[in-house]
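What follows is a single structure, written as structure tokens, with notes after it.
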Amino acid sequence: MEKRATFSNLWLAAAFIAPQMLLVFVFFYWPTGEALYWAVTLEPPFGGSNEWVGWLNFETVFSDPKYWNSVRISIAFASLATMLSLVIAAMLALFVDRRLPGHQLYKFTFFLPYALAAPSVGLAFRFIFSPDAGFVSAINRVWPNLWNPALDGWDAFLLIIFAQSWKMVGYNFIFFLAALQSIPRSVTEAGAMDGASVLRRMWDIQLPLIAPTLFFLIVINITDSFVDSFGIVDVTTSGGPARATDLMVYKIYFDGFEGKDYSLAAAQSIVLMLLIIALTFIQFRFIERRIHYS
Amino acid sequence: MKRSILVAAMTMTTLAGAAAQERTKFEFWYGLTGDLGEVVANHCKLFNESQAKYEAVCTGQGGYDKAEQNTIAAYRAKQQPTIVQIYDAGTLNFMLSGAIYKANQFDKDYGLNVDWKSYFPGIANYYATTGGEMWSFPYNSSTAVFYWNKDAWAKIGKSEAPKTWAEFADDLKALKAAGVACGFALDGDTWMNLEQFSATNNIPIATQDNGYGGLSAELVFNKTPYVDHMKNYKAWLDQGYARIQTTQVGKNLVQAFADGSCASTITSIANHGTVKNTQVPDLKWDVAMIPVLDASKRTNSLVGGASLWVMQGKSKEEYEAAAAFLKYVTSPETGEKYIVKNTGYIPVTVKGFELLKSEGFYQDPKMAGREVAIASLTASAVGPNSRGIRLGNFTSIRSELRSELEAVFTGQKDVQAGLDAAVERGDQILRRYEQTYKGAALP
């Protein structure tokens with residue numbers, strides 16, 4: 001006799017998943033469908049006469065050197081911000097895990113930045129890093145014009161990387177700490193008895209054991225830098241100077257909402273969506289599978 | 001704080017309304033923010049208190065661009081307001097939208113009796129269709145003027161503002177020699193750099209009369225004296241005569257001028273009040289018309305600001321209420337005078353200007369100098385190059401040019417190469433716009 005718990009009533013099952021399906025449809029498939037439709041037509045701002053144009057919007061996007069510039073910047077931004085944020089978060093977590101004095105307080109405060117919305121982070125960083133009036137202006141008093149994100153593209157780019165990684169450090173920290181604390185103490189203690197120093201134990205025992213968490217965080221961080229960096233860019237640099245911080249998501253906003261070219265923005269967001277799907281797929285499919293300790 | 005005042009004001013008006021019969025309500029959305037937004041909110045309150053039949057429900061949208069975006073989104077969801085304040089650059093989108101109730105038609109249908117001829121030609125022409133019809137009501141208007149520090153100019157033995165760009169260049173050199181660290185504050189904003197420069201010197205920005213002739217217009221500003229003008233800006237920056245001042249640098253143009261760190265700048269007359277209120281105590285300054293290439297051939301400068309649009313698809317009762325409101329906020333006595341007294345904006349009609357003059361408004365030392373803006377707007381008869389700019393998606397074109405200017409000013413690009421790139425990309429934007437509105441005739 002088979003013993004399997006199955007629903008023989010399909011309608012009941014459908015009724016149970018219907019609310020979720022409805023949510024997914026309303027908040028994901030519907031907007032995506034609309035964006036797809038706009039991407040293959042020319043949509044006037046007030047609606048009305050859309051004209052079918054096929055691939056024209058995508059051709060316009062791909063033949064635009066400024067778009068490729070934006071793609072390059074976005075990729076550099078995502079990798080650098082992710083790296084910086086993960087390195088700092090891992091360091092903080094390793095030290096808190098060693099239960100240094102005051103670690104409870106650190107645990108709490110390190111997480112705080114993640115609770116801030118991106119625009120508030122941007123605003124804070126704009127003030128702190130303002131070349132005339134901010135805390136960092138002290139540097140300019142010693143070396144004039146060394147730091148000026150309003151005029152120097154590199155400075156502006158660094159500024160948004162700092163802001164993004166600062167925002168994500170808290171989130172990464174919590175995950176790293178949880179992972180570190182799930183490592184059996186006996187493993188590190190055995191290492192200590194074999195004479196491995198603190199740093200050696202971190203490098204050879206703890207870090208390899210938290211690798212699955214690390215790869216999970218890489219996915220989350222890269223996705224976040226692609227889609228959630230808008231608030232920071234909008235408040236600190238507005239994509240400037242001279243497009244040095246014109247991330248893909250900011251360009252979509254500008255072309256769509258400021259420029260009122262909904263079709264061009266829709267085509268770009270389809271491209272961004274495919275890119276995120278591809279990145280996530282690659283990372284989960286190939287990288288995460290290989291990291292497996294048991 | 002602001003919100004609580006607003007809420008209080010709204011509850012008060014609501015209570016007053018409930019006591020005095022059912023009022024007809026309609027929605028008005030505005031784009032101005034900060035102090036200026038409060039002036040508009042108060043204008044609504046004054047209207048609501050002035051009569052008992054109608055009630056304007058006024059909502060700030062948090063910026064001119066947001067006001068346009070939100071109106072578009074609301075219209076698509078059939079939730080649009082009855083009246084909306086839209087900035088100059090959004091004019092063409094609204095004209096082509098098919099979503100508006102034309103102002104001149106509305107005037108006829110609801111008996112507003114607007115004296116269209118009384119609008120200053122520079123203002124009327126800017127907002128009018130190619131055929132000269134007004135489809136919106138000019139509300140808050142400004143133009144660019146030259147702000148100059150009298151003490152700084154006294155150091156080089158001058159008591160008058162420079163009239164030409166050549167004279168200004170000499171002054172900058174002398175100012176530098178006299179120890180003024182920053183003679184001129186500038187930024188990448190195209191409204192002053194490109195648009196006002198071209199209008200006052202009778203130079204085209206685009207073909208087809210800057211776009212008034214049709215959607216097929218092409219940009220030309222990379223082949224006009226504007227190129228040399230930007231080369232001068234670049235040279236002044238390199239020689240230390242001028243400085244870039246933006247919010248991102250720490251101080252914008254107005255702040256850098258008001259605290260005395262830069263001796264001159266060019267910005268909207270609407271900032272006149274801000275400079276007066278935030279200046280360092282002993283700063284002696286004045287405003288003048290912006291310099292031109294040839295003082296004997298000055299043409300009028302362009303208007304900036306916003307106008308009020310009536311939207312389609314509302315009930316007759318709401319339109320009647322809206323008509324009463326528009327009558328109130330556009331009349332010289334209750335409209336223009338209120339706006340001019342509480343902001344740096346200028347009157348939009350000859351009648352409003354005369355009224356203020358007769359009341360001695362411009363004799364008040366705090367307001368003195370604001371009539372310069374009127375003189376600048378009416379410096380000549382309105383010609384095809386000084387009428388205005390009617391280009392599709394002009395916000396994006398401005399942004400393209402701004403990015404290129406940023407690259408030019410920081411030395412990443414040659415002036416000519418930067419302007420060529422801006423024109424090339426601007427033309428692509430215009431062609432896309434033309435294709436999006438294929439078959440639509442420019443009104």
Taking strands (runs of 3 or more DSSP E) that fall entirely within region B:242-315, which contain at least 3 residues that are within 19 Å of the chain's Cα centre (by Cα)? B:264-268, B:304-311
Quick check on my filter: what residues within region B:143-160 are open to solvent by less than 10 Å² (accessible area, probe 1.4 Å) and outside any helix (DSSP H, G or I)? B:Thr143, B:Ala144, B:Val145, B:Phe146, B:Tyr147
Check off (1) away from every other protein chain (no Cβ under 14 Å); (2) at pLDDT below 95 for A:Trp52 and give me the number that stays unchecked. (1)
Here the qualifying pairs (Cβ atoms under 6 Å; residues six or more apart or on different chains; first in region B:379-404 and under 19 Å from B:Ser296 (Cα atoms); second acidic (Asp, Glu)) come out as B:Pro384/B:Asp209
B:Thr247 passes all but one of the listed conditions (1) at pLDDT 95 or above; (2) open to solvent by 30 Å² or more (accessible area, probe 1.4 Å); (3) of a type outside the set (D, E, K, R); the exception is number (1)
Please verify whether region A:187-207 includes one or more residues that are polar (S, T, N, Q) and within 17 Å of the chain's Cα centre (by Cα). no
Checking B:Lys117 against (1) open to solvent by 30 Å² or more (accessible area, probe 1.4 Å); (2) part of a loop (DSSP other than H, G, I, E, B); (3) over 24 Å from B:Lys276 (Cβ atoms): exactly one of these is not met. Which one? (2)
Leading residue by the ranking (modelled with the highest pLDDT) among those in region B:403-419 that are charged (D, E, K, R) and either out of contact with any helix residue (DSSP H, G or I) (no Cβ under 9 Å at 6 or more places or on another chain) or crowded, with 21+ Cβ neighbours inside 10 Å (or both): B:Glu404
Which members of region A:57-83 meet the condition of being in contact (Cβ under 8 Å) with a residue 12 or more places away in the chain and either under 21 Å from B:Glu400 (Cβ atoms) or at the interface with another protein chain (Cβ under 8 Å from one of its Cβ atoms) (or both)? A:Asn57, A:Phe58, A:Thr60, A:Val61, A:Lys66, A:Tyr67, A:Asn69, A:Ser70, A:Val71, A:Ile73, A:Ser74
Go through (1) in contact (Cβ under 8 Å) with a residue 24 or more places away in the chain; (2) under 30 Å from A:Leu207 (Cα atoms); (3) open to solvent by 40 Å² or more (accessible area, probe 1.4 Å); (4) aliphatic (A, V, I, L, M) for A:Leu86 and report which single condition fails. (3)
Assess whether A:Val40 counts as being β-branched (Val, Ile, Thr), in contact with a strand residue (DSSP E or B) (Cβ under 8 Å, 6 or more places away or on another chain), open to solvent by less than 60 Å² (accessible area, probe 1.4 Å) and at pLDDT below 90. no
Can you name the number of the only condition in (1) more than 14 Å from every other protein chain (Cβ to nearest Cβ); (2) in a strand (DSSP E or B) that B:Tyr212 fails? (2)
Tally, over region B:386-423, of residues that are part of a helix (DSSP H, G or I), under 19 Å from B:Ser198 (Cβ atoms) and more than 11 Å from every other protein chain (Cβ to nearest Cβ): 7
Would you point out which residue out of A:Leu146, A:Leu100, A:Leu80 is within 15 Å of A:Leu158 (Cβ to Cβ) and in a loop (DSSP other than H, G, I, E, B)? A:Leu146
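The values are calculated or read from the model by the stated rules, or taken from the named source; none is laboratory data. What you see is a predicted model; the values in this text were computed from it and never measured. No Cβ is skipped: glycine too gets one built from the backbone with ideal geometry, and neighbour counts run over all protein chains shown. These accessible areas exclude ligands, DNA and RNA; they are computed on the full protein's heavy atoms, side chains included. Shrake-Rupley method; radii C 1.70, N 1.55, O 1.52, S 1.80 Å.
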